[in-house]
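Take a look at the structure set out below.
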Amino acid sequence: MAEIRIANITKTYPGGIKALNDISLTIADGEFMVLLGPSGCGKTTLLRQIAGFEQPDSGAIWIDGRDVTDLPPRRRGLAMVFQSYALFPHLKVFDNIAFGLRMHGKPKEEVRSRVSQAAELMEISPYLDRYPTQLSGGQRQRVAVARALAIDASVILMDEPLSNLDALLRLNMRAELKRLLQQVSATTVYVTHDQVEALSMGDRTAVMRNGEILQVDEPMTVYDRPSDPFVAGFIGNPPMNLLEGRAAAGGVEVEGHLFESPAQDEFKPGDPVLVGVRAENLELLPGSTADGLSGRGRGVEPLGSVLSWTVPVVKQRG
């Protein structure tokens, strides 16, 4: 296992595009850290900095207490699972898994033993004599993960490894990956734009936007107590409802209605506030009530176990 410490990393591409803006992050030994954000937010760039595929303009990266900022990827003691799987089509599954071990000059018996262990762990032992073109997408993904596990790296980096799979297979692989990575106890950095993966897999989630980290917390803390309006709107399906209001004695005032709120110390009466409410904490009632907000249903989306309503708030008159 290995701690990863990222200190003040900045990366700017030609044309003045700032992909990373003074990023600092510490990932503990054996932790599963998820980098979450929309396309172009800098999460893959940060992963490539850790891997050594790109060099930062400024800042430093430590792995297991060792400054690896200027070291090539092969000397950083890590493994990577790519979005495209990156399997060699002319090599059989056994040889794909064994590739990293052979590059490190491991003895034949050790190569055979580690490949067998990794294949058994990923439940692909029957396919070791096949070529990647003879496998399904899910099986290819398992081969890519087995190759990373075989070299027994202290750090495993994953760049949206499930994005090419269909919905049902992605669901199954999420559960499998989480179980497997708990077994091997490696420090894992996982990049995704899928909030379900971030909430269900990681020990902590770092939400990124425009080359910056907006919040780093346990998944349910990010969900329940987002520290930024973007995080509130990005996490959750449907996203959190955000209403403009003002602080008042004993609560917050929204559209002429006073709602109790425990968060009073940091606001003075009259201060503008943004109120975030999750859909599951709302109750829809017919007609009008004195202690609720009025709205008119615009649409309903059946989602199986729940119904998602679109009900915009109606502004108070006068």
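The values are calculated or read from the model by the stated rules, or taken from the named source; none is laboratory data. Since we're looking at a predicted model, the values are computed, not measured. Don't worry about glycine lacking a Cβ; one is built from the backbone with ideal geometry, like all the others, and counts go over all protein chains shown.
A few comments on the model shown:
- Count - residues of the stretch 44-81 that are of a type outside the set (Lys, Arg) and out of contact with any helix residue (DSSP H, G or I) (no Cβ under 7 Å at 6 or more places or on another chain): 22
Results for (1) farther than 19 Å from residue 189 by Cα; (2) touching a residue at least 12 places away in the same chain (Cβ under 8 Å), shown as yes or no for each residue.
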position: 52; (1), (2): no, yes
position: 67; (1), (2): no, no
position: 79; (1), (2): no, yes
position: 82; (1), (2): no, yes
position: 89; (1), (2): yes, yes
position: 95; (1), (2): yes, no
position: 101; (1), (2): yes, yes
position: 109; (1), (2): yes, no
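- Restricting attention to the stretch 111-123, the residues that are closer than 11 Å to residue 147 by Cβ and either under 28 Å from the mean Cα position of the chain (by Cα) or touching a residue at least 40 places away in the same chain (Cβ under 8 Å) (or both) total 3.
- Number of positions in the stretch 28-43 that are closer than 26 Å to residue 180 by Cα, surrounded by fewer than 19 Cβ atoms within 10 Å (Cβ to Cβ) and within 17 Å of the chain's Cα centre (by Cα): 3
- Residues within the stretch 79-128 that are at pLDDT 90 or above, in contact with a Ser or Thr (Cβ under 7 Å, 6 or more places away or on another chain) and not in a helix (DSSP H, G or I), tallied: 1
- All positions within the stretch 9-27 that are small (Gly, Ala, Ser), exposed (fewer than 14 other Cβ atoms within 10 Å of the Cβ) and touching a strand residue (DSSP E or B) at 6+ places or on another chain (Cβ under 7 Å): 24
Residue by residue, here is whether (1) part of a strand (DSSP E or B); (2) on the phi > 0 side of the Ramachandran plot; (3) modelled with pLDDT of 85 or more; (4) touching a Gly at 6+ places or on another chain (Cβ under 8 Å) holds:
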{"position": "130", "(1), (2), (3), (4)": "no, no, yes, no"}
{"position": "133", "(1), (2), (3), (4)": "no, no, yes, no"}
{"position": "139", "(1), (2), (3), (4)": "no, no, yes, no"}
{"position": "162", "(1), (2), (3), (4)": "no, no, no, no"}
{"position": "165", "(1), (2), (3), (4)": "no, no, no, yes"}
{"position": "170", "(1), (2), (3), (4)": "no, no, no, no"}
{"position": "175", "(1), (2), (3), (4)": "no, no, no, no"}
{"position": "178", "(1), (2), (3), (4)": "no, no, no, no"}
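- Of residues in the stretch 37-60 being in a loop (DSSP other than H, G, I, E, B) and charged (D, E, K, R), the one farthest from residue 235 (Cα to Cα): 57
- Any hit, the stretch 9-19, residues being farther than 27 Å from residue 146 by Cα, touching a Leu at 6+ places or on another chain (Cβ under 8 Å) and not polar (S, T, N, Q): yes
- Some residue of the stretch 207-223 being free of Cβ contacts under 8 Å to residues at least 24 places away in the same chain and out of contact with any strand residue (DSSP E or B) (no Cβ under 9 Å at 6 or more places or on another chain): yes
- Which numbered condition residue 11 misses (of (1) modelled with pLDDT of 95 or more; (2) within 19 Å of the chain's Cα centre (by Cα)): (2)
- Total residues in the stretch 204-215, condition buried (at least 20 other Cβ atoms within 10 Å of the Cβ) and either closer than 10 Å to residue 34 by Cα or acidic (Asp, Glu) (or both): 3
- Where residue 237 falls short, out of the listed (1) at pLDDT below 90; (2) surrounded by fewer than 17 Cβ atoms within 10 Å (Cβ to Cβ); (3) within 29 Å of residue 77 (Cα to Cα); (4) not hydrophobic (A, V, I, L, M, F, W, C): (3)
- Only residues that are of a type outside the set (Val, Ile, Thr) and touching a helix residue (DSSP H, G or I) at 6+ places or on another chain (Cβ under 9 Å) were counted in the stretch 1-29, giving 5.
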